[in-house]
1. Contact list please: Cβ distance under 7 Å, first residue in region 22-41 and under 17 Å from V338 (Cβ atoms) and in contact (Cβ under 8 Å) with a residue 12 or more places away in the chain, second residue of a type in the set (V, I, T) and buried (at least 20 other Cβ atoms within 10 Å of the Cβ), pairs at least six apart or on different chains.
2. I'd like the full set of residues that are open to solvent by 20 Å² or more (accessible area, probe 1.4 Å) and in contact with a helix residue (DSSP H, G or I) (Cβ under 7 Å, 6 or more places away or on another chain), limited to region 303-328.
3. Please work out which residue is farthest from R200 (Cα to Cα), limiting yourself to region 233-249 and to residues that are open to solvent by 50 Å² or more (accessible area, probe 1.4 Å) and among the charged types (D, E, K, R).
4. Scan (1) closer than 27 Å to R22 by Cβ; (2) among the polar types (S, T, N, Q); (3) without any contact (Cβ under 8 Å) to a residue 60 or more places away in the chain for the single condition S328 breaks and write down its number.
5. Return the residue satisfying two criteria in turn: it lies in region 272-293 and is part of a loop (DSSP other than H, G, I, E, B) and open to solvent by 20 Å² or more (accessible area, probe 1.4 Å), and of such residues it is farthest from A308 (Cα to Cα).
6. Could you pull out every one of the helices (runs of 4 or more DSSP H) wholly within region 39-154 that has 2 or more residues that are not hydrophobic (A, V, I, L, M, F, W, C)?
7. Restricting attention to region 180-211, which residues are within 17 Å of G237 (Cα to Cα) and either out of contact with any Leu (no Cβ under 9 Å at 6 or more places or on another chain) or without any contact (Cβ under 8 Å) to a residue 12 or more places away in the chain (or both)?
Amino acid sequence: MNICVINPNYYRSSGVTMAIRRIHEAVQPCGIENHFVSCRYGDEEEDLSWIPPGRIEHLGLMSGHPGVFWRSVMRLKRLLDERGIDLIHVHHRRLSMVLTVLSPLLRRPVLYSGNLTYGFSPAFWLFSPRRAIAVTDSVKQNIVATTRTRDVEVLGNPTPFPEQPPAIDIAAVRKRAVCVARFVPVKGHDTLIDAWALLRDRGIDAELVLVGEGPLRAALEEKCRKLGIADRVVFRGYVADVRSEYARSLFAILVSSIEGQGIVTIEAAAAGRASLLTDVDGSRDCLPPDRTLPNGLPYGDAVALSGALASWFADPEAVAEEGRRFFSFHQQLNSSKVLGLGYAAAYRRSRQR
């Protein structure tokens with residue numbers, strides 16, 4: 001079966017890009033061949049290294065120029081015909097609307113992947129796709145509530161999991177936590193840094209490792225200097241493979257204002273690490289029901305976050321046990337083995353409908 005995956009770009013720090021890559025890798029054993037289209041939308045640096053040679057096309061499907069747009073549509077139609085594409089899988093709302101309108105011309109079904117929750121949009125309600133995949137129950141409920149789409153299946157972000165949770169060297173990592181996220185407002189770094197200063201005021205000397213890139217980095221570094229915690233907060237920058245960062249940390253943190261399903265939370269779970277999360281759409285879906293430590297915190301509450309961090313650092317053995325709970329919970333739901341089969345089945349059902 002041949003799938004055409006379409007996205008605005010394949011920005012290297014984008015969670016959607018990572019999700020697309022993981023889906024691609026997970027469905028390979030299931031007889032699924034992926035072909036990719038980038039719209040070269042935006043100016044972020046793309047990572048195309050994982051895409052097989054000859055499997056990527058660049059089309060101006062998000063261009064505001066009518067001529068460029070229409071020529072791109074016709075090039076897409078030729079690509080679909082020449083490569084025997086069975087299904088279009090799109091990971092972006094605007095593109096899903098465009099491709100849904102064009103589906104009679106393209107003569108292929110369109111499957112939309114919802115990766116975030118959104119407010120009501122009259123345009124998306126009117127031109128919503130017939131079929132969708134949601135990465136979490138929160139996203140599914142949002143799609144059903146704000147669109148006419150009713151054929152929605154929940155399939156998360158595939159992540160490779162070992163058979164058993166990796167061991168944690170508590171003595172080596174007991175005073176270190178990691179946050180992997182782009183430096184943009186939605187990720188809540190500002191609150192996290194405030195909480196780290198409060199943690200210092202509590203007399204807890206712990207290291208925070210920030211992995212990522214983005215426009216707020218310089219401002220956040222300056223804030224750390226002003227708060228006197230520059231020696232406790234490490235800005236690691238972009239890291240292609242973050243598994244080593246989890247291995248050097250006791251737990252992970254993601255304090256966003258909204259998530260679809262934080263793929264970094266799943267990656268941390270695969271490394272046997274628990275994540276301290278905010279109680280927001282997408283993140284609350286990632287919390288194991290049998291967790292024991294404080295979690296699911298109000299977004300933007302530095303005091304509550306500082307208190308939870310103090311509890312976690314006070315009992316590293318309990319944090320390690322919490323990591324095993326996260327591992328077990330997400331291995332059953334989000335391992336590449338489980339979701340590879342799930343996505344392959346969803347593709348075949350969508351082609352037949």
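1. R22/T159; I32/I3
2. Selection gives V303, E317.
3. So the residue we want is D241.
4. So the condition that S328 fails would be (3).
5. Here is the first cut: in region 272-293, the ones part of a loop (DSSP other than H, G, I, E, B) are 272-274, 279-283, 287-293.
After this cut, where a residue has to be open to solvent by 20 Å² or more (accessible area, probe 1.4 Å) as well, the list is 279, 281, 289-293.
Details: D279: 13, D281: 20, P289: 18, D290: 17, R291: 14, T292: 12, L293: 8 Å.
Checked region 272-293; the qualifying residue farthest from A308 (Cα to Cα) is D281.
6. Of the helices (runs of 4 or more DSSP H) lying wholly inside region 39-154, those with at least 2 residues that are not hydrophobic (A, V, I, L, M, F, W, C) span 66-82, 93-106, 137-146.
7. E207, V209, V211 - these are the residues of region 180-211 that are within 17 Å of G237 (Cα to Cα) and either out of contact with any Leu (no Cβ under 9 Å at 6 or more places or on another chain) or without any contact (Cβ under 8 Å) to a residue 12 or more places away in the chain (or both).
Conditions tested, residue by residue: (1) touching a Gly at 6+ places or on another chain (Cβ under 9 Å); (2) modelled with pLDDT of 95 or more; (3) crowded, with 16+ Cβ neighbours inside 10 Å.
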{"residue": "Y10", "(1), (2), (3)": "no, yes, yes"}
{"residue": "G15", "(1), (2), (3)": "yes, no, yes"}
{"residue": "N34", "(1), (2), (3)": "no, yes, yes"}
{"residue": "D43", "(1), (2), (3)": "no, no, no"}
{"residue": "H58", "(1), (2), (3)": "no, yes, no"}
{"residue": "G64", "(1), (2), (3)": "no, no, no"}
{"residue": "G84", "(1), (2), (3)": "no, yes, no"}
{"residue": "L87", "(1), (2), (3)": "no, yes, yes"}
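The values are calculated or read from the model by the stated rules, or taken from the named source; none is laboratory data. Just so we're clear, the structure is a prediction, and the values are computed from it rather than from any experiment. Virtual Cβ from ideal backbone geometry, glycine too; neighbours counted across all protein chains shown. Side chains are part of the model used for accessible areas, which takes the heavy atoms of the whole protein and leaves out ligands, DNA and RNA. Shrake-Rupley method; radii C 1.70, N 1.55, O 1.52, S 1.80 Å.
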